[in-house]
Amino acid sequence: MAAAAFFYLFAGITLASALMVIAAKNPVHSVLFLILAFVNAAGLFLLMGAEFLAMILVVVYVGAVAVLFLFVVMMLDVDFAQLRQGFLSYLPFGAVIALMLLVELVLVVTTYIVQPGALKGPAPAAPSADALISNTEALGRVLYTQYLYFFQAAGLVLLVAMIGAIVLTLRHKAGVKRQDISRQVARTPEAAVEIKKVPFRQGV
């Protein structure tokens, strides 16, 4: 009974937060609702016994991705009013995508109601010695053995995306003093210090 109550609590907050992500007018509020949705989704993973995925969702998505979204939104100072001006031109395309998603959801729900066994996976194999390992160890074995090259390729893709984001957001503003080590090292005492002989009683 308690598990069902927690499931409905986490699921309800997750759906409400997901709705507020796209409904909030302030982009900062959208990112905060996104963080709330991630945390409650982690609670759903805990109820299913996937503690490693719950931890990854909180540490990676909440601790890094969502905070990065919030930082970028506050740093770029994007004119969202100008972006919304072309909303009506993209409305038919968005309506078609929404209709397709609605049809897929209806098909999944009706299939489960009419024939629940159609969505079930294959029958589990007989328990073995590997069934006693934890979720974290099982995921580690799969990632670092069977999918090692794909895992490394995904890391390279993320690295390139991070470098691209830094290059796109790095802007040099005029009038801002910046340190140039090569110019500092190349300076001579004659160029760095200027000695003037000030007459008596005519100084500063």
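Looking at the structure I just gave you, is A41 open to solvent by less than 40 Å² (accessible area, probe 1.4 Å) and on the phi < 0 side of the Ramachandran plot? Yes; evaluated as a whole, the condition is true for this residue. Exactly one residue out of E51, E104 is open to solvent by 60 Å² or more (accessible area, probe 1.4 Å) and modelled with pLDDT of 80 or more, and it is E51.
The values are calculated or read from the model by the stated rules, or taken from the named source; none is laboratory data. Just so we're clear, the structure is a prediction, and the values are computed from it rather than from any experiment. The accessibility values were calculated without ligands, DNA or RNA, using every heavy atom of the protein model including side chains. Shrake-Rupley method; radii C 1.70, N 1.55, O 1.52, S 1.80 Å.
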